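For reference, the structure is listed below as structure tokens.
The values are calculated or read from the model by the stated rules, or taken from the named source; none is laboratory data. Computed from a predicted model, the values in this text were never measured in an experiment. No Cβ is skipped: glycine too gets one built from the backbone with ideal geometry, and neighbour counts run over all protein chains shown. Just so you know, the surface numbers come from the protein's heavy atoms only, side chains and all, with ligands and any DNA or RNA stripped out. Shrake-Rupley method; radii C 1.70, N 1.55, O 1.52, S 1.80 Å.
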Amino acid sequence: MEDTLKALISEAEDGIPTVRTRPQFEAFKARYLGPHGSLTRAMRGIKQVPREDKPRIGQLLNRTKKRLEELFEVCLGAIEEEEQAAKLGEAIDPSLPSPDPPPGNLHPLTQVREEINRILKSVGFVVADGPEVDTEFFCFDALNTPEDHPARDEQDTFYLPVEAKLANVAKFSDERYLLRTHTSTVQIRTMLGQRPPVRIISPGRCFRRDTTDATHSASFTQVEGLYVDKGVTVRDLKAVLDFLFKSLFGSDTKSRFRPHFFPYTEPSFEMDARSAHLKKVGKEWVELGGCGMVDPAVFAAVGYDPEVYSGYAFGFGIERCAMILYGIDDIRYFYQNDYRFLRQFGHPVSC
Amino acid sequence: MLISLNWLSRYIDLADKTVEEIAHALNMLGFEVEKVRETGLPQLEKVVVGRVLHRDQHPNADRLAVCRVEVGTMKPLQIVCGASNYRVGDRVPVALVGSSLPGGYKINATELRGVTSFGMMCSPRELGLGEDHEGLLILDGEPEIGAPINQAFPDSDTVFDLEVTPNRPDCLSHLGIGRELAAYFGKKLVYPELKTDPDRLPPVGRSALIGGVTTLSPDNCPNYIAYSLGGVKIAPSPEWLQGYLRAVDQRPINNVVDITNFVLLELGQPLHAFDADKIGGREIIVRQAVQGEKIVTLDNKERILNSDMLVIADAEKPLVVAGVMGSIEAEVDESTVDIVLESAYFNPSNIRRTSRQLGLSSDSSYRFERGVDPNGANFAALRAIDLILEIAGGERIGPVIQTGSEPTVERKIAITPQYIRELAGFDFPDVRIREVFRALECGVRERDDHWEVEPPSWRGDLYRPADLAEEFLRLYGSDRIPDTPVTMSGMDQKDAPVASLTRLHSQYLANRHFQECINYSLRSEDEISRWFGHFELDPLRLENPIASDQTHLRVSLIPGLLDALKFNRARDTGLERVFEVGKIFHERDGRVYELYSVAFLAFIPERTASWKRREAFDFYSAKSIMEVLAKAAALDIESIGYQAEEKDGSLWLKGHSAQVDAMAVDGFQAQIGRLRFKVVKEWDLDGDVLGGSLEILPEKLGKDEGMVTYRPFSQFPTAVKDLALVVDESLLAETVRRQLGKLARQVAGKRFDLEAVSVFDVYKGEGIPKGKKSLAFNLRFRADDRTLTDKEVGEVFSALQDRVEASTPYRIRN
């Protein structure tokens, strides 16, 4: 009996590689476990086994059955796999391109904006937003820009007709609506809405009545920053801008402040940067934007006490940063949407 | 503003500073140097005047000579030279070893055919003086041997083109800039010395050339001074004067006019010289122009004036648009003998308005509108008189005539040095601060606990402590602000909802293979009226557009995206999927709303060249994208539900587009689907365009949604039943689905939950009556506490079928 069972297993083991299809498998299985199968017969033969041998032989029979079932399972698994593979058809050619559309990209201006946001958020700024159609008060008056200042001229600023009404952009009194010329408007709206400390950046679209050429665009994007608290200093301003430009343009970037004039800051500076590895700013200082300490007149307009609080503000163009960063020489490319331009900026943006 | 270095040197000695040092100083003082222009000989270092002492034939070269040249040092230099136009005793420019010549050519001691040359004698071209390279530059006269070569060329000059910010009218002059540089370098500023004593009356016996000055508009002209000069001889200016003017791009005219221009550019005070004979009635009246009054200005243009404008008139006619430009009729010319010299202070904003209204800006108006020194008029007049008497001859006649008086400008600013240190955030001693203020000619008086600082009359921009803090930092040097790491306290704040949503939407669409585009916010009237006829146009109009195709605020992002597809199609760049995020504007009841919007388009070209076919982007692709966009904005688009697009004249194709209009209540609307063929054709696209647009009132975003509280869910399996219903083909699947769900919940009651009902098949055709369609639903039941039995689910399901048959117009399909 023992020999018979051993022979049975080795026979099954030898036979399995020849079983390739499901009918073959069924027939093969029946040879052992079917009503006339050899194991079935052997199990029936237990009755003839002497009583004292019965437990041992019984165990042996069970082991044999278990082993056979294992073999069948493996065999069936292999057959199923081949069946699945046959259904899938031919093997793929890994070199063929995907027929799906090519990857999408964020616009380079979005990428630079988000990078600036990321850097400034890392030192505690938060992104604020405001309307693109704003009013003379928020764009000029509150920013200490007098009525007859050239920037307010119709030559330079887009206005809406006097009778224009914006349902969801509040006026301060009866001033005119205009397309904002800078995002400092957001600073005013924020300061009017909350008490210090205020630490915001406001990226966004701005408009100036410029004829478009390689370096001017009637529509452009800006980032402005504002920090108001007790004891904010010029040195803090320099520190944050150094940090920003080193992070944005690379750690070899140097920046400097040059005194300047803006109605809404005092002292005011223009900031220049230089970075050896960037072609456009490798040799000479390049002007990036303006900054300064918030003018007391601006604090007066929003009801902050200049005796108690001080603050800094800065602003610069995102196009300019992108042009420096990527070596782009014509601002118009940003608004043409030529895919050959846009797809060159395929870097992922960390948000 | 052009500043000549030679001219500047009349007031400050800058001989020890290089052009680069001066330019740097100007930049750091806040006067951005836009250009530096060298005229004549460029500034050269280590190039000096030399004299040839000996000239011998080179032993090894026929064409070369070996010279000994005296250059002011103890020992003459040995220099090898190839030129032949010079003689022993000539003075020539010598570039010493270590110098470098224009073009970057460096001079070293070099051996030429066995003889060492310690320097080079130069031709004009080698010095950057034109193209002459025929021979050495032989110096005229007897310039000092060894002196820097630039001293031998006084005509050469460096002109700085500066940006003077509008707050600094005092620096629209050479003296003003000189004062700044003197303060920066710690040098002395030398004022021009007056020879005319204002207090000493001219020879008696003659009265002034005019009877008097009457000011009818004292507000616009607080101070007016007129001097009379007789017997002046008009002629071309001397060369030195013409040279200064030319250096700063002024055209010399005649001596008197040139002198007034010179004083304007020297002191910043505009002056006007009248030909006394052309003053009708010998009387000057300062008055407002009569509405419609005409004057032909010096630029030979007729100007029509209005009553806002101030004129200087005689008894009959206006002679000058005050502070802006004189009339061609009262001009000083060759025949002029007697002149009346005007020096005045005009109201800056009045001049600014006049200049703008006339579209006429002059050197004079540029200064008056920014504000000249209120106390500077008389000094400038006397300075001009000195120069006229010296250059054009003549004499002062009669007394000065003055109306009004110098505006008082007393300003005392109380400040503490500590305030400046606190604002700056770093340390510097009191004494430094005081030095800076004094260098700027501010009076500084120390009181018990503060300083009292009195700025000079020309510094109208200084009236608050912050202004003085700026002055200090400017002169102390903004390059001395110490570098520090950022140190700021933490602030727990969230980005504005629009900003976070912009980020989420752009990221998502880029990940879905859409390319971000950016378009201008202004579009044409035609386009808006054609495709967005439901908006009234006028409220969206700009008052002063700059281009005819950019006259109105955009009402949708779709046209810009179509432009992008068209542009790229025409250039065959392969771009098919685009999106934009930005602000748009809607009109409703005559009022404009600014909205946040995100829109995407997928272009499906008629023919695609790909080795493998894909199922094309369709309505439901757009719907799935919109679902995510809405979810990111926390908008419940599903429960409001889409309406099939039915509007005519919109961009969207009827029967293949849908919209959600929840503007009135929830502040948003959405459109998805296929654009009309007419639209696609209009933008020259050979295929289909599908997409979507979501438009949200920004104020509706970012509402606090509160905390999420976890709800427990069943751990037991579902029981699933399928049911197909035959319904009117016009019915929305969603309507039927909701009705079925409602009934199923009613039937199941509290026994167990209907977890979900979903459509899994839509069928029309054989076996279904005309005008009907079959919708097959999948119902998923589940209980919280047990595995459902076939029996209990079967009971509910069969009760549901009875209920559907009994209470709805739907029929169960067998």
Enumerate the pairs (first residue in region B:75-92 and closer than 11 Å to B:His58 by Cβ and aromatic (Phe, Trp, Tyr); second residue anywhere and in a loop (DSSP other than H, G, I, E, B) and modelled with pLDDT of 90 or more) with beta-carbon separation below 6 Å, excluding pairs fewer than 6 apart on the same chain, so at least 6 apart or on different chains. none
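What about B:Asn6, is it assigned to a helix (DSSP H, G or I) and open to solvent by less than 50 Å² (accessible area, probe 1.4 Å)? Show your work before the answer.
Values: assigned to a helix (DSSP H, G or I): yes; open to solvent by less than 50 Å² (accessible area, probe 1.4 Å): no.
Answer is no for this residue.
What helices (runs of 4 or more DSSP H) lie completely within region B:361-463 and have 3 or more residues being in contact with an Asp or Glu (Cβ under 8 Å, 6 or more places away or on another chain)? Can you show your working first?
Details: elements: B:363-370, B:377-391, B:417-424, B:430-439.
Of the helices (runs of 4 or more DSSP H) lying wholly inside region B:361-463, those with at least 3 residues that are in contact with an Asp or Glu (Cβ under 8 Å, 6 or more places away or on another chain) span B:377-391.
Take the residues in region B:486-506 that are over 30 Å from the mean Cα position of the chain (by Cα), facing chain A (nearest Cβ under 7 Å) and not small (Gly, Ala, Ser); name whichever of them is surrounded by the fewest Cβ atoms within 10 Å (Cβ to Cβ).
Kept after step one, since they are over 30 Å from the mean Cα position of the chain (by Cα), are these residues of region B:486-506: B:487-494, B:504-505.
Pick out the ones that are also facing chain A (nearest Cβ under 7 Å) and you get B:488, B:490-491, B:493-494.
Those still in the list that are not small (Gly, Ala, Ser) too: B:488, B:491, B:493-494.
Values: B:Met488: 16, B:Met491: 14, B:Gln493: 16, B:Lys494: 10.
The residue in question is B:Lys494.
Given the residues B:Ser693, B:Ser657, B:Ser621, which is the only one that is in contact (Cβ under 8 Å) with a residue 24 or more places away in the chain, of a type in the set (S, T, N, Q) and within 26 Å of A:Pro131 (Cβ to Cβ)?
Details: B:Ser657 fails: within 26 Å of A:Pro131 (Cβ to Cβ); B:Ser621 fails: within 26 Å of A:Pro131 (Cβ to Cβ).
The conditions single out B:Ser693.
Tell me, which residue of region A:196-214 that is among the β-branched types (Val, Ile, Thr) and in contact with a Lys or Arg (Cβ under 9 Å, 6 or more places away or on another chain) is modelled with the highest pLDDT? Don't jump to the end; show me each part of the working.
So in region A:196-214, the residues among the β-branched types (Val, Ile, Thr) come out as A:198, A:200-201, A:211-212.
Going one step further and asking which of them are in contact with a Lys or Arg (Cβ under 9 Å, 6 or more places away or on another chain), we end up with A:201, A:212.
Working: A:Ile201: 97, A:Thr212: 85.
Across region A:196-214, the extreme among qualifying residues is A:Ile201.
Determine which member of the set B:Glu131, B:Glu144 is touching a residue at least 24 places away in the same chain (Cβ under 8 Å) and assigned to a loop (DSSP other than H, G, I, E, B).
Values: B:Glu131 fails: touching a residue at least 24 places away in the same chain (Cβ under 8 Å).
Testing whether each residue is touching a residue at least 24 places away in the same chain (Cβ under 8 Å) and assigned to a loop (DSSP other than H, G, I, E, B) leaves just B:Glu144.
Output the residues belonging to region B:57-104 that are of a type in the set (Gly, Ala, Ser), at negative phi and either within 56 Å of the chain's Cα centre (by Cα) or open to solvent by less than 40 Å² (accessible area, probe 1.4 Å) (or both). Break it down stepwise before answering.
Restricting attention to region B:57-104, the residues satisfying the condition of being of a type in the set (Gly, Ala, Ser) are B:61, B:65, B:72, B:82-84, B:89, B:95, B:98-100, B:103-104.
In the following step, the residues that additionally are at negative phi were identified as B:61, B:65, B:82-84, B:95, B:99-100.
Once the filter is applied, which keeps residues that are of a type in the set (Gly, Ala, Ser), at negative phi and either within 56 Å of the chain's Cα centre (by Cα) or open to solvent by less than 40 Å² (accessible area, probe 1.4 Å) (or both), region B:57-104 yields B:Ala61, B:Ala65, B:Gly82, B:Ala83, B:Ala95, B:Ser99, B:Ser100.
If you go through region B:164-185 one residue at a time, how many are open to solvent by 40 Å² or more (accessible area, probe 1.4 Å) and over 17 Å from B:Val19 (Cα atoms)?
From region B:164-185, those open to solvent by 40 Å² or more (accessible area, probe 1.4 Å) are B:166, B:184-185; that's our starting set.
Right, trim to over 17 Å from B:Val19 (Cα atoms) and you get B:166.
Looking only at that region, the number is 1.
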Restricting region B:345-398 to residues that are at positive phi and more than 38 Å from the chain's Cα centre (by Cα), the residue that is surrounded by the fewest Cβ atoms within 10 Å (Cβ to Cβ): B:Gly393
Scanning region B:232-291 for residues that are of a type in the set (Val, Ile, Thr), out of contact with any Leu (no Cβ under 9 Å at 6 or more places or on another chain) and in a helix (DSSP H, G or I) gives B:Val257
Would it be correct to say that B:Leu509 is facing chain A (nearest Cβ under 7 Å), in contact (Cβ under 8 Å) with a residue 24 or more places away in the chain and not in a strand (DSSP E or B)? yes
I'm told B:Arg541 meets every condition in (1) more than 7 Å from every other protein chain (Cβ to nearest Cβ); (2) under 19 Å from A:Phe158 (Cβ atoms); (3) surrounded by fewer than 21 Cβ atoms within 10 Å (Cβ to Cβ); (4) of a type outside the set (Asp, Glu) except one. Can you identify the failing condition by its number? (1)
All conditions in (1) under 60 Å from the mean Cα position of the chain (by Cα); (2) assigned to a strand (DSSP E or B); (3) surrounded by 13 or more Cβ atoms within 10 Å (Cβ to Cβ) are true of B:Phe760 except (3)
Restricted to region B:408-425, and to residues that are touching a Phe, Trp or Tyr at 6+ places or on another chain (Cβ under 6 Å) and open to solvent by less than 40 Å² (accessible area, probe 1.4 Å), which residue is farthest from the other protein chains (Cβ to nearest Cβ)? B:Ile415
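Output the residue which, of all residues in region A:223-251 that are without any contact (Cβ under 8 Å) to a residue 60 or more places away in the chain and at the interface with another protein chain (Cβ under 10 Å from one of its Cβ atoms), is surrounded by the most Cβ atoms within 10 Å (Cβ to Cβ).
The initial filter retains those residues of region A:223-251 that are without any contact (Cβ under 8 Å) to a residue 60 or more places away in the chain, namely A:235, A:238-239, A:242, A:245-246, A:250-251.
Next, only the ones that are at the interface with another protein chain (Cβ under 10 Å from one of its Cβ atoms) stay: A:235, A:238-239, A:242.
Details: A:Arg235: 17, A:Lys238: 25, A:Ala239: 21, A:Asp242: 21.
The residue in question is A:Lys238.
Based on what the data block shows, is B:Gly460 crowded, with 17+ Cβ neighbours inside 10 Å and away from chain A (no Cβ under 14 Å)?
Details: crowded, with 17+ Cβ neighbours inside 10 Å: yes; away from chain A (no Cβ under 14 Å): no.
No: the conditions fail for B:Gly460.
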Quick one: A:Glu115 ticks every box in (1) open to solvent by 20 Å² or more (accessible area, probe 1.4 Å); (2) more than 26 Å from A:Leu342 (Cα to Cα) bar one, so which box is it? (2)
Going by what's in this entry, would B:Phe514 be described as buried (at least 23 other Cβ atoms within 10 Å of the Cβ), facing chain A (nearest Cβ under 7 Å) and in contact with a Lys or Arg (Cβ under 9 Å, 6 or more places away or on another chain)? yes
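Inside region A:252-351, counting only strands (runs of 3 or more DSSP E) that do not spill past its ends, which hold 1 or more residues that are of a type in the set (A, V, I, L, M, F, W, C) and facing chain B (nearest Cβ under 10 Å)? Break it down stepwise before answering.
Values: elements: A:254-262, A:265-274, A:286-294, A:310-317.
In region A:252-351, the matching strands (runs of 3 or more DSSP E) lie at A:254-262, A:265-274, A:286-294.
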Scan region A:292-340 residue by residue and report those that are without any contact (Cβ under 8 Å) to a residue 24 or more places away in the chain and open to solvent by 20 Å² or more (accessible area, probe 1.4 Å). A:Ala300, A:Asp305, A:Pro306, A:Glu307, A:Tyr333, A:Gln336, A:Arg340
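For residues that are of a type outside the set (A, V, I, L, M, F, W, C) and not in a loop (DSSP other than H, G, I, E, B), scanning just region A:71-99, find the one that is farthest from the chain's Cα centre (by Cα).
It comes out as A:Glu73.
Among A:Phe140, A:Phe125, which is the only one that is free of Cβ contacts under 8 Å to residues at least 40 places away in the same chain and either surrounded by fewer than 14 Cβ atoms within 10 Å (Cβ to Cβ) or in contact with a strand residue (DSSP E or B) (Cβ under 9 Å, 6 or more places away or on another chain) (or both)?
A:Phe140
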From A:Arg208, A:Arg195, A:Arg176, A:Arg199, which residue is in contact with a helix residue (DSSP H, G or I) (Cβ under 7 Å, 6 or more places away or on another chain) and either at the interface with chain B (Cβ under 9 Å from one of its Cβ atoms) or among the basic types (Lys, Arg) (or both)? A:Arg176
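Criterion first (surrounded by fewer than 21 Cβ atoms within 10 Å (Cβ to Cβ) and at pLDDT 95 or above) does B:Phe585 satisfy it? Working first, answer last.
Details: surrounded by fewer than 21 Cβ atoms within 10 Å (Cβ to Cβ): no; at pLDDT 95 or above: yes.
Against the criterion (surrounded by fewer than 21 Cβ atoms within 10 Å (Cβ to Cβ) and at pLDDT 95 or above), B:Phe585 does not qualify.
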Can we say B:Gln746 is open to solvent by 60 Å² or more (accessible area, probe 1.4 Å), polar (S, T, N, Q), out of contact with any helix residue (DSSP H, G or I) (no Cβ under 6 Å at 6 or more places or on another chain) and in a helix (DSSP H, G or I)? yes
